[in-house]
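Visitor: Here it is, the structure in full.
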Amino acid sequence: MIVVAKKKSKLRSAAIQFLTVGMVLAGVALAYWFLSPTFYQATAKVEIGTADQNGGKTPDGSQNATLLAEYKYLHSNEFVDPAIADLHLAERWAKASGSSSPLTPPEVRQIFLTKVRIEAISHSKVFAFQVTSRDPEETAEIANQLANRFREHRQSQAPIVHGDAGQLAGKFKLQWDTATKKILTAEDRLAELAGAISQSLRSNGITVYDARTLDSMQAQRVRLESEFTASRTTQERLRALPPPQLRQVVPTLITNNLLDKTLDLLNHAQNGLRDAQARLPAEAPEVREATTNVALLQSGVDQVISGILDARDAEVSALKQTLEELVARLARAHSSTEAGLTARNPDYQAALDSLDKARYEREQLTNDLATIAVMSVHPTALAAEIVAAATLPRRPSFPNPKVALGLGITGGFLSFFGILMLTARSQPKAGSNSKKARFPDRSRRDFPGRN
């Protein structure tokens, strides 16, 4: 009977668990479908191939360097900023967020990165421009604009033919030198602005540090505060102890050769005093002399300990002064970001954008040189074609109805299974009474010869 009861208890527990999990999944499915924000998604695809002199497009595996350069170009401000300006995204997104003024370039770029995903499809020469937004019309508009801009960029590249490769290679050095001069000029301008901003801050008592130095100073302040607090607490506790306890505690905390030798002499004198007191009466000259020696040595130990504590007081004071000086420096310290050397300073930001652009142009020249070397052997040029334009999405990409349906069906099945187990357990077993009727008690059967 005990085993049967345990089995019934386990079955009931399992049934309740099935029912609970099923109801939770059903609730999650309902919340996912009705409470989740709605997002739409649209994708435009551009394929890069090779176009020969007759305009025919043929694949060319030697263009990997150029494809990598195009991927970097698609993720650069040089590509993103004009698209943002053409679509007036700064004004549109500012209005959507309830702001009366347009968003700043860094802010609109940040929103752009959260909505737009540009990636190269593996084992192909196709770039996908995927846009996700709560506005379905915006998704297709931005995706197609990015695809068209990329195609126009490719079409604007001058085609390279077999006879032009040598001439273009000859002009490359001049273009490289010009790009290098732009980089140097932009770097000088950036350094000049940084110096001017730092000088202005220093005149106001503010010192600018790079992020690593400032983090190191903050860590040093934490370490000094911890060390000062521990040292001060130890000193206060030691100063509160009487001399006998100090003679016992200080040697366990502080290593000092003079203190160790004086304590050895004191221990030796105390042993001699105990020996004399055990052998002689208290008024004996030897006992009085040993007592005097112990008192003198105790006084000497106390003086050594007092000198050690005074020295530690001076160390704690010096540590406190160092900590106060560091705290004062940190109060006047700012990192380069906090001082306005980035997006909050328009001139600095403009100089930084110029430097990034100049570096990209020189990197592009490097990739073009690789392309020129290829074209001297393969007289072809890269082309771009929109193979799939983005269309207005009819259904949201999120929440996904298949996910909601799957959660709902799973939850419903588990709930039904749990209810079925509970109801089956509560019903009596069929046939239990009929079995007794079918097989009566044989002990009452009448046998021949018995009354």
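Visitor: Amide H neighbours of A42 under 5 Å, counting only residues 5+ apart in sequence or on other chains, H built in-plane at 1.01 Å?
Guide: Residues meeting the criterion, in which the H sits 1.01 Å from N, are V131.
Visitor: Just add up the charged neighbours of D302: K/R +1, D/E -1, any other residue whose Cβ is under 14 Å from the Cβ of D302.
Guide: +1
Visitor: If you don't mind, another one. Residue by residue through segment 229-246, what is 3J(HN,Hα) from phi via Karplus (6.51 cos²θ - 1.76 cosθ + 1.60, θ = phi - 60°)? Round to whole Hz and write x for glycine and proline.
Guide: In residue order, the calculated couplings are 4, 5, 5, 5, 4, 5, 5, 4, 6, 5, 5, 7, 8, x, x, x, 6, 4 Hz.
Visitor: Using θ = phi - 60° and the Karplus form 6.51 cos²θ - 1.76 cosθ + 1.60, what ³J(HN,Hα) does each residue of segment 104-120 get, whole Hz, x for Gly and Pro?
Guide: Couplings: 6, x, x, 5, 5, 5, 4, 5, 4, 5, 6, 9, 10, 10, 10, 9, 8 Hz.
Visitor: Another question, then. Once label points are set 7 Å from the Cα along Cα→Cβ at both A328 and V28, what is their separation, rounded to one decimal in nm?
Guide: So the two model labels end up 6.0 nm from each other.
Visitor: Another question about this same structure. Would you pull out the residues with amide H under 5 Å of T207's amide H, same chain only if 5 or more places away, H placed 1.01 Å from N?
Guide: A333, H334
Visitor: Moving on to the next point. Peptides 230-238, 181-189: what's the order by average Cβ count within 10 Å, highest mean first? Could the numbers behind the result be given before it?
Guide: Details: 230-238: 13.3, 181-189: 15.0.
In descending order of packing, they fall as 181-189, 230-238.
Visitor: Kindly state, to the nearest 0.05, the FRET efficiency for R221 paired with A314, given R0 = 25 Å and r defined as their beta-carbon distance.
Guide: 0.70
Visitor: Which order results if S156, S216, S397 are arranged by neighbouring Cβ count within 10 Å, fewest first?
Guide: By the 10 Å Cβ count, ascending, the order reads S156, S216, S397.
Visitor: Can you give the net charge of the other residues whose Cβ lies under 15 Å from the Cβ of A290, counting K and R as +1 and D and E as -1?
Guide: Net local charge, A290 excluded: -1.
Visitor: Under the Karplus relation 6.51 cos²θ - 1.76 cosθ + 1.60, θ = phi - 60°, what is the ordered set of whole-Hz ³J(HN,Hα) values for segment 255-261, x standing for Gly and Pro?
Guide: Working through the residues one at a time gives 9, 8, 5, 4, 5, 4, 5 Hz.
Visitor: At 7 Å along the Cα-to-beta-carbon direction for both Q235 and T114, put a label point, then send me their distance in nm to one decimal.
Guide: 5.2 nm
Visitor: What residues qualify as long-range amide H neighbours of E119, i.e. H under 5 Å apart, gap of 5 or more or another chain, H built at 1.01 Å from N?
Guide: A128, Q130
Every read-out reported here was derived from the displayed coordinates using simple, explicitly stated rules and does not represent laboratory data. Computed from a predicted model, the values in this text were never measured in an experiment. Ideal geometry is used to build each Cβ from the backbone, glycine not excepted, and the neighbour counts take in all protein chains shown.
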